[in-house]
Amino acid sequence: MNRTHLWLALALVAQLVLVALVRAPSAAERDGAARPFIPQLDQLEATRVELVGEDGARLELARGDGGWTIEGAGGFPADSVKIDTLLDDLRALTVRRPLVRSARHHDTFRVADDDFVGRLRIWADDDRPSVDLLMGSSSNYRATHARLVDDDAVYELEGLAPFDLRPLRESWIRKDLLTVDSDAVVRLRLSNVAGDLSLARGESGWVTDGETPADGLELDPAKVESLLAAAT
């Protein structure tokens, strides 16, 4: 071996050592200790959340002064409790050793940038999302393959599935727009194309109330209570 070959061999060894050091697992990974999957969420005040499905469907949720709303729906209120629960679940996610570290495996686990089962992006006040999570295939009914966009490592997550990130508007709207104690209601008026009907709670139960000869008639209490339960 001449001097040139020797230097080339030494350079190759040095490169291999450098690659090994760069790709070496952390102490926590070597020990198999659990660590937070998205540690930056602990200090993050989310202002916008985007959900993307595998078919390209999107849903954006934005936090304003009055709480969370659904973008593109005229400021329709979103279910703030459900969104906050999702954020708490994300903070609680932990991982150990990654399944793979190379981008060449992303297609296999369906966590490629252009092929995924679900995607979740979270913004604070910056233009760039603070969290960009790709959800892929499932190894079993409890675990899902996932990775963060700025990391090639693929992990197996428990406690979150693509089903939880479906971009369906009806899944995220706030349904309890009005909360009233039904026992406190003493009068109820219904109006539609057929006309108006007023009901009043009397001493002996619910009766029709108004200025027509049919008023004062006793009503089926079960039907009225069912109506009240739906309305309140």
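The values are calculated or read from the model by the stated rules, or taken from the named source; none is laboratory data. Only a predicted model underlies this, so the values are computations on that prediction, with no experimental measurement involved. Methodologically, a virtual Cβ is constructed for each residue, glycine included, from the backbone with ideal geometry; neighbour enumeration extends over all protein chains shown. These accessible areas exclude ligands, DNA and RNA; they are computed on the full protein's heavy atoms, side chains included. Shrake-Rupley method; radii C 1.70, N 1.55, O 1.52, S 1.80 Å.
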Under the 7 Å Cα-to-Cβ spin-label approximation, residue 186 and residue 112 lie apart by a distance in nanometres of 6.9 nm
Percent carbon-and-sulfur accessible area, segment 69-224, ignoring ligands, DNA and RNA, probe 1.4 Å: 49 percent
Solvent-accessible heavy-atom area per residue, rounded to whole Å², over segment 56-142 at 1.4 Å: 56 Å²
Please give the contour-minus-distance gain from residue 163 to residue 91: 0.36 nm per residue of separation, less the Cα-Cα distance, rounded to one decimal in nm. 24.1 nm
Gain upon complete extension [residue 229, residue 42; 0.36 nm per residue less C-alpha separation]: 63.4 nm
Of 173, 70, which has the most accessible area with a 1.4 Å probe, and how do the rest follow in descending order? 173, 70
